[in-house]
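Undergrad: Questions regarding the structure given below will be posed in turn.
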Amino acid sequence: MSYKSKLRNSIVATCATLLLFAASTASAKCKFFVDMPSVTTGEHVRWTKWTGFTLAITTNPYAYMTGISEGDRKYLGLRIRKSYALPRIATKEDLDRSIVVPAGSDVFFQMADESIIKIQTDLPATGDADFVVHNAKRYDMTADAIVKVPLTAENLSALTAQRVLRIRVGAESGDLDFKFGKKGSKKMGEVLKCIQ
């Protein structure tokens with residue numbers, strides 16, 4: 001085979017691969033807000049846009065999700081937000097311990113058939129907290145934490161096979177529960193399909 005033929009075949013194969021990738025991404029309506037090589041590792045990093053999945057924004061705690069690819073590692077990212085009132089001014093310890101999810105914490109996914117998929121975190125997550133004083137009797141604190149749930153190909157397949165009904169994240173201060181309906185489950189399915 002001539003050099004020109006090899007080059008043409010290589011270009012055709014590359015174009016076909018790119019078209020298949022674009023088609024699968026488009027069918028899942030994937031939108032990425034990070035899509036570039038990591039400055040530190042050189043691995044390609046992708047984060048889908050954050051998508052809200054709880055029933056209502058007023059649910060406490062509530063969360064957003066993102067699909068994450070870092071080289072060969074895949075994650076479901078959960079941005080958890082918790083708001084609550086305090087009877088006094090927040091201390092440094094209140095702010096530091098607002099949301100703490102240690103490495104090795106359990107994350108449970110309850111599926112439509114009532115089965116449970118359990119995955120353990122491999123990295124710790126600690127919340128960033130803000131404190132607001134409304135008046136001498138009302139103090140509010142809001143905390144945000146990003147929990148990265150590692151996914152194997154088997155986990156990803158199981159989570160996209162049927163609807164996810166609930167998620168429970170084990171935190172030091174107690175379990176954080178998220179329940180959502182068909183619309184939230186559909187959004188979660190779309191995010192999971194974009195993890196490549």
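Undergrad: Within the range 60-86, restricting attention to residues that are part of a strand (DSSP E or B) and among the small types (Gly, Ala, Ser), which residue is nearest to the chain's Cα centre (by Cα)?
TA: Ranking the qualifying residues of the range 60-86, first place goes to 77.
Every residue, every condition in (1) closer than 21 Å to residue 118 by Cα; (2) aliphatic (A, V, I, L, M); (3) free of Cβ contacts under 8 Å to residues at least 60 places away in the same chain, yes or no:
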| site | (1), (2), (3) |
| --- | --- |
| 131 | no, no, yes |
| 139 | no, no, yes |
| 145 | yes, yes, no |
| 149 | yes, yes, no |
| 161 | yes, yes, yes |
| 170 | yes, no, no |
| 191 | yes, yes, no |
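Undergrad: Continuing with the same structure: State the number of residues belonging to the range 150-183 that are modelled with pLDDT under 85, assigned to a helix (DSSP H, G or I) and touching a strand residue (DSSP E or B) at 6+ places or on another chain (Cβ under 8 Å).
TA: 0
Undergrad: In addition: Tell me, please, whether a residue that is surrounded by fewer than 16 Cβ atoms within 10 Å (Cβ to Cβ), under 22 Å from residue 33 (Cβ atoms) and touching a residue at least 24 places away in the same chain (Cβ under 8 Å) can be found in the range 120-127.
TA: The answer is yes, given that some residue of the range 120-127 is surrounded by fewer than 16 Cβ atoms within 10 Å (Cβ to Cβ), under 22 Å from residue 33 (Cβ atoms) and touching a residue at least 24 places away in the same chain (Cβ under 8 Å).
The values are calculated or read from the model by the stated rules, or taken from the named source; none is laboratory data. A quick note: this is a predicted structure, and the numbers were derived from the prediction, not measured. Counting neighbours? That spans all protein chains shown, and the Cβs are built from the backbone with ideal geometry, glycine included.
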